[in-house]
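The values are calculated or read from the model by the stated rules, or taken from the named source; none is laboratory data. Computed from a predicted model, the values in this text were never measured in an experiment. Note that each Cβ is placed from the backbone with ideal geometry, even for glycine, and that neighbours are counted across all protein chains shown.
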Amino acid sequence: MERIKRENYLSILKNFKDEQIIKVITGIRRCGKSTLLELFQDYLKENGVEDNQIISINFEDADYEELQDRKKLYNYLKSKLVKDKKTYIFLDEIQNVDEFEKTVDSLFINKNVDLYITGSNAYLLSSELATLLTGRYIEIKMLPLSFKEYMSAFEDKADLSRKFRDYLQYSSFPQATQLFKINPQNINLFLDGIYNTILFKDVMQRKGITDKNTLERVTKYLYDNIGNRTSMKNISDNIEGLEKNNSYNTVSTYVQALIDSYIVYKANRYDIKGKEFLKTQEKYYAVDIGLRYYMLGQGSGKDMGHILENVVYLELLRRGYEVYIGKYDDLEVDFVAKNPENTIYYQVALTTRETANGSILERELAPLKKINDNYPKYILTLDDDLNADFDGIKKINVIDWLLND
């Protein structure tokens, strides 16, 4: 099956090649972490690295089950190191190895080792490992395909609107994109496998959760309410069968476990005027809209405004921003995107055309107009009219925005 090149992630690995720092790649199962390692290994070989200098182990592979013992793993790796040359070690899904951080730490101190590890659960960078490796690792947060990466898999670049709909409905997971070319009917079986593996292995087993029924209800509630402000109380009030005495704690545990498995993302709120982070009424987003269709049915596609918001949120994460929901007095800005150099404000709307309920454009412009700093401000929409500028606030077609960096 053809591999989709993930140039943005690949360029980070190239930039940090041979640096005395551990490269940690995190992200949901099947988002392309293993393929990224393969692509990078190909790059190494094309640039003079010999086969015996590359050690690659996937701990989901039964052939390496014995090496899930950290001492055996360390002895095995040590025996394979190439004398007087750099050895490139790739440890895929390392969270399957108990106390793996001790092996990682031991390998790190060897200056002739360049180390790359991946994991499908935030446990990988739990406080224990992060403390042990403080200042000695970079985290590359991987997501399923962006729309630009999705389009790179197709020779035919025509009819972008239809392809964007396919991207949403048939999933942004790399393998789903390849399955779409063969038979879209198989995609639900693929998504079913991902969903159940995540819930069982990455959530229930990892966190010791036994009530799968309630866990699924919480997951579906979050997926059904993407883009809506919510709280643990909102969720617990809407989940039947929870014991009221401990429902808040139960829901909080389940939601955090879903976030840790990367199936759900949380965006906190930020008071733009007061320049402070808020602790209530956060929003949640799905890692993949195709997975949401699978879980909630095709009727979930009617909520296109929030789906578009979800897509923009994930794209901002891909581009390296910290993303918050903005509040200015009693008005809301969909996203405040921050990085060390810049802040950008975004409103996301399906359309800004006039409706029976008044001007959507004026409603979307209102909070942006109130912000009196000089940071860029955008409205992203599916309208296909020409890009426009409203006193410095730019309106851009969201598909154009997704296809351009």
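Being under 24 Å from the mean Cα position of the chain (by Cα) and at pLDDT below 95, is that true of even one residue in segment 240-251?
yes
Which residue is farthest from the chain's Cα centre (by Cα), if the candidates are limited to segment 209-229 and must be polar (S, T, N, Q) and part of a loop (DSSP other than H, G, I, E, B)?
The selected residue is Thr210.
Kindly indicate which of Gly227, Gly320, Gly326, Gly297 is touching a strand residue (DSSP E or B) at 6+ places or on another chain (Cβ under 8 Å), of a type outside the set (S, T, N, Q) and without any contact (Cβ under 8 Å) to a residue 24 or more places away in the chain. Before the answer, list the steps.
On the way: Gly227 fails: without any contact (Cβ under 8 Å) to a residue 24 or more places away in the chain; Gly326 fails: without any contact (Cβ under 8 Å) to a residue 24 or more places away in the chain; Gly297 fails: touching a strand residue (DSSP E or B) at 6+ places or on another chain (Cβ under 8 Å).
Checking each option against the conditions leaves just Gly320.
Do the conditions hold for Lys163, that is, is it surrounded by fewer than 18 Cβ atoms within 10 Å (Cβ to Cβ) and either touching a residue at least 12 places away in the same chain (Cβ under 8 Å) or aliphatic (A, V, I, L, M) (or both)?
Values: surrounded by fewer than 18 Cβ atoms within 10 Å (Cβ to Cβ): yes; either touching a residue at least 12 places away in the same chain (Cβ under 8 Å) or aliphatic (A, V, I, L, M) (or both): yes.
Yes: the conditions hold for Lys163.
Restricting attention to segment 130-153, which residues are of a type outside the set (A, V, I, L, M) and without any contact (Cβ under 8 Å) to a residue 12 or more places away in the chain?
Scanning segment 130-153 gives Thr131, Thr134, Gly135.
Here is a yes/no grid of residues against (1) surrounded by fewer than 19 Cβ atoms within 10 Å (Cβ to Cβ); (2) farther than 20 Å from Ile138 by Cα:
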residue: Cys31; (1), (2): no, no
residue: Gln41; (1), (2): yes, no
residue: Glu66; (1), (2): yes, yes
residue: Tyr76; (1), (2): yes, yes
residue: Lys86; (1), (2): yes, no
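For segment 130-175, what are the residues that are touching a helix residue (DSSP H, G or I) at 6+ places or on another chain (Cβ under 9 Å) and among the acidic types (Asp, Glu)?
Glu139, Glu149, Asp156, Asp166
So, in segment 362-397, exactly how many residues are of a type in the set (A, V, I, L, M, F, W, C), buried (at least 17 other Cβ atoms within 10 Å of the Cβ) and within 14 Å of Asp334 (Cα to Cα)?
5
I need the full set of residues from segment 313-330 which are over 22 Å from the mean Cα position of the chain (by Cα), farther than 14 Å from Gln281 by Cα and not aromatic (Phe, Trp, Tyr), in order please. Give the derivation first.
Quick first cut of segment 313-330, residues over 22 Å from the mean Cα position of the chain (by Cα) only: 327-330.
Right, trim to farther than 14 Å from Gln281 by Cα and you get 328-329.
Of everything in segment 313-330, just one residue is over 22 Å from the mean Cα position of the chain (by Cα), farther than 14 Å from Gln281 by Cα and not aromatic (Phe, Trp, Tyr), namely Asp329.
Could you go through segment 342-351 and let me know if any residue there is assigned by TED's automatic domain parsing to the domain that holds Asn228, surrounded by 13 or more Cβ atoms within 10 Å (Cβ to Cβ) and more than 19 Å from Lys283 (Cβ to Cβ).
yes
I'm trying to understand the selection: among the residues of segment 244-290, which are more than 23 Å from Gly32 (Cα to Cα), in contact with a Gly (Cβ under 8 Å, 6 or more places away or on another chain) and not in a strand (DSSP E or B)?
Answer for segment 244-290, where residues must be more than 23 Å from Gly32 (Cα to Cα), in contact with a Gly (Cβ under 8 Å, 6 or more places away or on another chain) and not in a strand (DSSP E or B): just Ile272.
More than 19 Å from the chain's Cα centre (by Cα), part of a helix (DSSP H, G or I) and assigned by TED's automatic domain parsing to the domain that holds Tyr262: which single residue out of Ser106, Ser161 fits that description?
On the way: Ser106 fails: assigned by TED's automatic domain parsing to the domain that holds Tyr262.
Unique residue meeting the criteria: Ser161.
Find all pairs meeting these conditions: Cβ atoms under 7 angstrom apart; at least six residues apart or on different chains; first residue within segment 9-38 and assigned by TED's automatic domain parsing to the domain that holds Glu101 and under 19 Å from Val287 (Cβ atoms); second residue surrounded by 19 or more Cβ atoms within 10 Å (Cβ to Cβ) and among the basic types (Lys, Arg).
Sorted first by the residue in segment 9-38, then by its partner, the pairs are Ile25/Lys33; Gly27/Lys33; Gly32/Arg6; Leu36/Arg6.
Do the conditions hold for Ile194, that is, is it buried (at least 21 other Cβ atoms within 10 Å of the Cβ) and under 30 Å from Ile55 (Cα atoms)? I'd like the intermediate steps shown before the answer.
On the way: buried (at least 21 other Cβ atoms within 10 Å of the Cβ): yes; under 30 Å from Ile55 (Cα atoms): yes.
Answer is yes for this residue.
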